[in-house]
Amino acid sequence: MPIELRPATADDVLALAALWHTGWHDGHAGHVPDELLPFRTPESFVPRTAGRIERATVAVRDGELAGFTVVDGEEVEQVYVAAAHRGTGVAATLLTDAEQQVAGAGHGTAWLAVAPGNTRARRFYERQGWSDGGGFTYVAEAGATTMEVPARRYVKSLGTPDGLRP
Ligand SMILES: CC(C)(COP(=O)(O)OP(=O)(O)OC[C@H]1O[C@@H](n2cnc3c(N)ncnc32)[C@H](O)[C@@H]1OP(=O)(O)O)[C@@H](O)C(=O)NCCC(=O)NCCS
């Protein structure tokens with residue numbers, strides 16, 4: 001089944017927020033401090049999505065919105081695939097595109113944060129050539145404030161940035 005990628009638009013905000021909310025709980029419940037959960041309501045994802053929409057890329061599979069990424073400089077900030085589309089190659093297509101966005105902006109290395117207990121995501125990243133760069137403290141949005149969350153930093157070398165090629 002073909003997988004198509006396109007930049008997200010303002011019309012995608014509500015659908016992406018719903019996908020993100022469901023996927024966030026799939027990947028994080030039990031793997032982040034319980035105190036963070038009350039901040040991750042369905043409504044909370046709407047402004048968080050709207051604030052990132054210009055950096056988001058959407059995957060469409062079989063006419064359905066199947067997943068999305070958000071890239072922020074060197075960071076692949078979000079990678080989410082709807083449950084019905086996991087294990088189909090959507091995630092790999094999205095992540096490869098995100099890596100190309102990071103490399104295209106001139107960065108030689110991409111990084112992302114993953115919850116230590118999110119074993120499916122970690123296995124996926126490792127299969128895609130990413131490696132565990134160690135533990136660190138991720139500063140997560142928590143309403144109007146932030147919360148420190150233990151995380152693993154995954155990295156992938158993308159080759160030499162264009163500007164530094166001999
Ligand atoms: C993380 C995510 C994007 C990966 O996409 P996916 O389509 O599920 O990935 P794949 O199925 O291609 O790969 C997952 C790997 O984990 C394995 N896996 C499946 N279920 C698993 C589980 N419960 N525990 C551990 N590994 C699991 C799969 O077998 C596969 O490994 P393999 O290729 O060696 O067999 C997707 O699962 C998702 O959106 N999850 C919820 C949101 C999330 O956690 N996002 C990442 C935040 S950092």
Just checking, which of VAL114, VAL90 is under 12 Å from TYR154 (Cβ atoms) and either surrounded by fewer than 18 Cβ atoms within 10 Å (Cβ to Cβ) or out of contact with any His (no Cβ under 6 Å at 6 or more places or on another chain) (or both)? VAL114
Of the numbered conditions (1) under 14 Å from TYR125 (Cα atoms); (2) more than 10 Å from the ligand (Cβ to nearest atom); (3) touching a strand residue (DSSP E or B) at 6+ places or on another chain (Cβ under 6 Å), VAL32 fails exactly one; give the number of that condition. (1)
Taking into account only those residues within segment 37-65 that are farther than 21 Å from ASP97 by Cα and buried (at least 17 other Cβ atoms within 10 Å of the Cβ), which is farthest from the ligand (Cβ to nearest atom)? VAL46
Lone unmet requirement of (1) of a type outside the set (Asp, Glu); (2) farther than 19 Å from PHE45 by Cβ; (3) crowded, with 21+ Cβ neighbours inside 10 Å for GLY73: (3)
Of the numbered conditions (1) more than 14 Å from THR69 (Cα to Cα); (2) of a type outside the set (Asp, Glu); (3) more than 14 Å from the ligand (Cβ to nearest atom), ARG120 fails exactly one; give the number of that condition. (3)
Flagged in segment 115-146 as under 15 Å from ALA29 (Cβ atoms) and in contact (Cβ under 8 Å) with a residue 12 or more places away in the chain, in numbering order, are ALA115, PRO116, GLY117, ASN118, ARG120, ALA121, ALA140
Output the qualifying pairs, or none if there are none: Cβ atoms under 6 angstrom, residues six or more apart or on different chains, first residue in segment 9-36 and touching a residue at least 12 places away in the same chain (Cβ under 8 Å), second residue in a helix (DSSP H, G or I) and polar (S, T, N, Q). VAL13/THR49; LEU16/THR49; ALA17/THR49
For segment 80-114, what are the residues that are touching a residue at least 40 places away in the same chain (Cβ under 8 Å), near the ligand (Cβ under 10 Å from one of its atoms) and over 17 Å from VAL70 (Cα atoms)? ALA83, THR88, GLY89
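Coordinate-derived values only; no laboratory data. Computed from a predicted structure; not experimentally measured. Reconstructed Cβ throughout: ideal geometry from the backbone, glycine too, with neighbour counts over all protein chains shown.
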